[in-house]
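Peer 1: I'd like to ask you about the structure that follows.
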Amino acid sequence: RAVQRAMLFDDRKLKVNLRGRSDKQDRQAVMARAQRERDERQRQRRQHLATLSLQAAGRARAQLRVLRAQLREMFDATAAGLSEAAEQTHSARLAAFAQSVTRLARWLCFFHDARVDQARRRGLLELL
């Protein structure tokens, strides 16, 4: 027993191969599998990014639709205010028009859709 204990605490270090027995074909199979796994992870990353892009585009389109509807309402309210100003004096009409015309034109350019906004465009042109 003393001899066995002495060997257990001996300073000599044995080299142990933890890799196990392998040959070149096993290494090639492992490398091929690792490459396939990397390719699959890359494909999943691309698919995830594409999904995020589509979702962002859908949200942006919905927000744009809401913003355009809000600007149409603001345009109509401002244009109605200018129409009501027609009963005022010429200088008062001119002042109200000057304050609003740039904003109206900008809004119309932003939300204009030929199928929906022809009357708005015509009304703005008549005001000019």
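The values are calculated or read from the model by the stated rules, or taken from the named source; none is laboratory data. The shown structure was predicted, so the numbers you read here are calculated from the model rather than taken from an experiment. Reconstructed Cβ throughout: ideal geometry from the backbone, glycine too, with neighbour counts over all protein chains shown. Protein only, heavy atoms only, side chains kept; ligands, DNA and RNA dropped before computing areas. Shrake-Rupley method; radii C 1.70, N 1.55, O 1.52, S 1.80 Å.
Peer 1: Taking 8 Å as the Cα distance limit and 6 or more residues as the minimum spacing, I'd like the relative contact order of the stretch 32-128 as a percentage.
Peer 2: 26 percent
Peer 1: Right, next: Percent of accessible area on the stretch 36-90 owned by carbon and sulfur, 1.4 Å probe? Can you show the working numbers first?
Peer 2: Working: 2500 of 4540 Å².
On the stretch 36-90, the fraction of accessible area on carbon and sulfur atoms equals 55 percent.
Peer 1: So if I place +1 on the C-beta of Lys and Arg and -1 on the C-beta of Asp and Glu, and nothing else carries charge, what would the dipole magnitude of the stretch 51-128 be about its Cα centre? I want it in debye, nearest 20. Before the final figure, lay out the partial values.
Peer 2: On the way: 12 positive and 7 negative charges, 88 e Å.
Using Cβ point charges on Lys, Arg, Asp and Glu, the stretch 51-128 gives about 420 debye.
Peer 1: Taking 0.36 nm per residue of separation and subtracting the Cα-Cα distance, what length does fully extending Q35 through S91 add?
Peer 2: 12.4 nm
Peer 1: Could you let me know the centre-to-centre spacing of the stretch 74-120 and the stretch 30-62, using Cα atoms, in angstrom?
Peer 2: First find each Cα centre; the distance between them is then 48 Å.
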